[in-house]
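The values are calculated or read from the model by the stated rules, or taken from the named source; none is laboratory data. Computed from a prediction, not measured in an experiment: that's the story for all the values here. Cβ: placed from backbone, ideal geometry, glycine included. Neighbour counts: every protein chain shown.
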């Protein structure tokens, strides 16, 4: 049951992160996405992957929050509660397969491969590329902020 609740939270926070207009709320929803992902990793026995996801998520959020505040448009009108409710409803609707089909709480991916081993040994290149993408985004935002400061 806990896996289904985490899956619903993950999907709802992802929908909110994508479709909210205000940068601060969108980044806050993205933090929920990172947190739910780290919790799912931890509950599946991949403690190292959960810690890595949480640490990368914190760094990414700091960069996105700072760049969003500096470079983002300042909205004068607030997001209506009806829109937020609609987005949460859409997220819950997208979560229905997780509720009815059940997210597996198995710790094994294959017959003898645990999820931690699969994340770090089999998918090690993916994890390194994810870190490279985040580093590239951070450098790009740093360059944009530096150029903006020069003007």
Practice task
Could you grab me the full set of residues in the stretch 76-109 that are touching a helix residue (DSSP H, G or I) at 6+ places or on another chain (Cβ under 8 Å), modelled with pLDDT under 70 and in a loop (DSSP other than H, G, I, E, B)?
Solution key: 102, 103, 104, 105, 107, 109
Handout entry: Test result for residue 73, at pLDDT below 70 and loosely packed, with under 11 Cβ neighbours inside 10 Å
Key = yes
Practice task
State the number of residues belonging to the stretch 1-45 that are surrounded by fewer than 18 Cβ atoms within 10 Å (Cβ to Cβ) and in contact with a strand residue (DSSP E or B) (Cβ under 9 Å, 6 or more places away or on another chain).
Solution key: 1
Handout entry: Which listed residue is more than 20 Å from residue 4 (Cβ to Cβ), free of Cβ contacts under 8 Å to residues at least 24 places away in the same chain and part of a helix (DSSP H, G or I), from 49, 55
Key = 55
Exercise for the section: Would you confirm whether any residue within the stretch 135-151 is under 20 Å from the mean Cα position of the chain (by Cα), surrounded by 12 or more Cβ atoms within 10 Å (Cβ to Cβ), modelled with pLDDT under 70 and part of a helix (DSSP H, G or I)? Expected result: no
